[in-house]
Amino acid sequence: MLTWDQVRLMARERIEFGAHSVNHPILARLGGEKEVYEEIVGSRDRIQAELNEPVLHFAYPNGQPQDLSPIIVKTVSDAGFRTAVTTVAGQVFPTDNPFLLRRVSAGVELPLHRFQTNAAAFRV
């Protein structure tokens, strides 16, 4: 994990930080809309306060379809985020919902040939 001093240093170097929730719960398992709101907006507000910059992107904790609901997606949208990512694998297309974006894996555990295949999709 990073310290706030490390986050601020990285932000000055143009690394952008997004929100992820306050306590990392699976949002669909929370008791109601108020708790969902507090997790999403609380995370955004804390990062904005620390960096004095808007937070434009959100990553759903766990991020699988069963972990989300229309209320959760609407809360993220209403909170002013521009995008939100799931953990569903796949490419993103211009017609996709910007609050239900898929991801392409690029972790260190990924074999080099698979990384090259994934990255090839982004060549211009």
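Read the figures in this text as sums done on the coordinates, not as results from a lab. Note that the coordinates shown come from a computational prediction; the quantities given were computed from them, not determined experimentally. Cβ placement follows ideal geometry from the backbone for every residue including glycine, while neighbour counts extend to all protein chains displayed.
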Query raised in the report: Out of all the residues in segment 109-117, is one or more of a type in the set (F, W, Y), within 20 Å of S69 (Cβ to Cβ) and surrounded by 12 or more Cβ atoms within 10 Å (Cβ to Cβ)?
Result: no
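Scan S21, S43 and give me the residue that is under 15 Å from I72 (Cα atoms) and not in a helix (DSSP H, G or I).
Working: S43 fails: not in a helix (DSSP H, G or I).
Step by step, each of S21, S43 is checked, and only S21 is under 15 Å from I72 (Cα atoms) and not in a helix (DSSP H, G or I).
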Query raised in the report: Which pairs have Cβ atoms under 9 Å, sit 6 or more apart or on different chains, and link a residue in segment 40-66 that is charged (D, E, K, R) to one that is assigned to a strand (DSSP E or B)?
Result: R44/A19; R44/F58; D45/A19; R46/A19
Report summary line: Those residues of segment 24-40 that are surrounded by fewer than 14 Cβ atoms within 10 Å (Cβ to Cβ), more than 13 Å from the chain's Cα centre (by Cα) and in a loop (DSSP other than H, G, I, E, B) come to a total of 2
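Tell me which residues, restricted to segment 1-18, are outside any helix (DSSP H, G or I), in contact (Cβ under 8 Å) with a residue 24 or more places away in the chain and hydrophobic (A, V, I, L, M, F, W, C).
Residues of segment 1-18 outside any helix (DSSP H, G or I): 1-3, 13-18.
Filter once more, keeping what is in contact (Cβ under 8 Å) with a residue 24 or more places away in the chain: 16-18.
Once the filter is applied, which keeps residues that are outside any helix (DSSP H, G or I), in contact (Cβ under 8 Å) with a residue 24 or more places away in the chain and hydrophobic (A, V, I, L, M, F, W, C), segment 1-18 yields only F17.
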